[in-house]
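Asks: Okay, handing you the structure first.
The values are calculated or read from the model by the stated rules, or taken from the named source; none is laboratory data. Quick caveat, the model's predicted, so the values are computed rather than measured. Cβ atoms come from the backbone with ideal geometry, glycine included; neighbour counts cover every protein chain shown.
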Amino acid sequence: MPRDVTQEVMRVVAEQLDVEVATLRREQAFIGDLGADSRSIFELVLAFEEAFDLHIPDRDVEHIQTVGQAIDYVHAILNDKRG
């Protein structure tokens, strides 16, 4: 599992949405700022699940709209798993 969750989330976002990691900011929305569509979001969620060995329920996906929300969500899930 990656040690730096923030960097790994940003790497996954950059790879999936074809943007440079250096241009990513926490407040950027996947849809709108980063040009994602529903298919891109689906693929992004799958990539997060694979990268961090976790499951993101469909009901949570709609609440993960920005880079920062994704980082915070993954941190929270990983902390719960370690709990």
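Asks: Output the number of the condition that residue 28 fails; it satisfies all remaining conditions of (1) among the polar types (S, T, N, Q); (2) closer than 25 Å to residue 80 by Cα; (3) in contact with a strand residue (DSSP E or B) (Cβ under 7 Å, 6 or more places away or on another chain).
Replies: It is condition (2) that residue 28 fails.
Asks: So the check is Cβ under 7 Å with 6+ separation or different chains; which pairs have a first residue in segment 8-27 that's within 20 Å of residue 39 (Cβ to Cβ) and a second one that's of a type in the set (Ser, Thr, Tyr)?
Replies: Close Cβ pairs (under 7 Å, with a partner that is of a type in the set (Ser, Thr, Tyr)) amount to 16/40; 17/40.
Asks: Continuing with the same structure: Looking at segment 17-75, which of its residues are β-branched (Val, Ile, Thr), under 11 Å from the mean Cα position of the chain (by Cα) and not in a helix (DSSP H, G or I)?
Replies: 56, 64, 66
Asks: Just checking, which of 49, 27 is out of contact with any His (no Cβ under 8 Å at 6 or more places or on another chain), at pLDDT 95 or above and not aliphatic (A, V, I, L, M)?
Replies: Within the list 49, 27, the selection yields 27.
Asks: Okay, next question. Contact list please: Cβ distance under 9 Å, first residue in segment 62-77 and more than 19 Å from residue 36 (Cα to Cα), second residue in a loop (DSSP other than H, G, I, E, B) and basic (Lys, Arg), pairs at least six apart or on different chains.
Replies: 72/26
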